[in-house]
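Below you'll find the structure, written out as structure tokens, and then a few comments.
The values are calculated or read from the model by the stated rules, or taken from the named source; none is laboratory data. Bear in mind the structure is a predicted one, so any value in this text is a computation, not a measurement. Cβ placement follows ideal geometry from the backbone for every residue including glycine, while neighbour counts extend to all protein chains displayed.
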């Protein structure tokens, strides 16, 4: 007899009524396949793009990046050749594949802490886990949050505007997708816990891309239509948020332009320099706004 895992999705009752209260089912095999797809997809995307981090900000890469590149196989494409970003294969091979960076390894810490404390772990518990395990190769709001922990602050104080000047940075939307895997198809719970995780490092609209992606990942266990997934994600973002307006703009530009490069140019034109309060222009490139869109 085929075995199934049954998931109650009362949480699919979305703000815009995209789903009604319902039961949904997924086979154990399909659930496992989707979880593996979530993790492998993140790693593949991360390490395909790692050699080109911050290289093509003004213009898109001249070729479609559809394979792994490294410093000895750059095909004359500009890339990061002098640090670990251009040598992913060397590090991965040397460590038997067990190599990651801050775009993925914080999720290992979250997983470990959930295993120890349960899905309802609290801020004190996750703060202690960060202090023990997250100490190197972290930047911007992650780095500031971690430094604040050393002087006695506990999340979410580590992400508040008055304490963390990088509350708007990209960091949380890269490391909280795991909550959607803990709550597959249970979108409201996934979003709630993803936002909870985002507040370790971020505040205000800086948490909204995390909410958007949390909804996408969780809903994707049952929904395959990309346009519907986009709308599901938007339905959880506060309509007063500047990120919500950005999502509306991207949806409109996608319908207007056939070439994705034209949409990319519009995103850069309207949202690269957001928020305008940052003192260091480089931080525009790590904003949750431009990267979330």
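In the set 147, 101, only one residue is within 18 Å of residue 283 (Cβ to Cβ) and either modelled with pLDDT under 95 or assigned to a helix (DSSP H, G or I) (or both); that residue is 147.
With respect to the conditions (1) surrounded by 13 or more Cβ atoms within 10 Å (Cβ to Cβ); (2) free of Cβ contacts under 8 Å to residues at least 24 places away in the same chain; (3) part of a helix (DSSP H, G or I); (4) in contact with a helix residue (DSSP H, G or I) (Cβ under 9 Å, 6 or more places away or on another chain), residue 273 lacks only one, and its number is (3). Can you find even one residue in segment 37-45 that is at pLDDT 90 or above, part of a loop (DSSP other than H, G, I, E, B) and closer than 30 Å to residue 222 by Cβ? There is no residue in segment 37-45 that is at pLDDT 90 or above, part of a loop (DSSP other than H, G, I, E, B) and closer than 30 Å to residue 222 by Cβ.
Scanning segment 132-152 for residues that are without any contact (Cβ under 8 Å) to a residue 24 or more places away in the chain and surrounded by 13 or more Cβ atoms within 10 Å (Cβ to Cβ), which turns out nearest to residue 101 (Cα to Cα)?
The selected residue is 143.
Between 242, 238, 209, the distinction of being in contact (Cβ under 8 Å) with a residue 40 or more places away in the chain, surrounded by fewer than 19 Cβ atoms within 10 Å (Cβ to Cβ) and either more than 23 Å from residue 49 (Cβ to Cβ) or in contact with a helix residue (DSSP H, G or I) (Cβ under 8 Å, 6 or more places away or on another chain) (or both) belongs to 242 only. What pairs can you find where one residue is in segment 25-36 and under 11 Å from residue 222 (Cβ atoms), the other is surrounded by 14 or more Cβ atoms within 10 Å (Cβ to Cβ) and at pLDDT 95 or above, and their Cβ atoms are less than 6 Å apart, with a gap of 6+ or different chains? Final answer for the pair search is 34/221.
Conditions (1) within 26 Å of residue 47 (Cα to Cα); (2) under 11 Å from the mean Cα position of the chain (by Cα); (3) crowded, with 23+ Cβ neighbours inside 10 Å, marked per residue:
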position: 171; (1), (2), (3): yes, yes, yes
position: 176; (1), (2), (3): yes, yes, yes
position: 184; (1), (2), (3): yes, no, yes
position: 194; (1), (2), (3): yes, yes, yes
position: 198; (1), (2), (3): yes, yes, yes
position: 227; (1), (2), (3): no, no, no
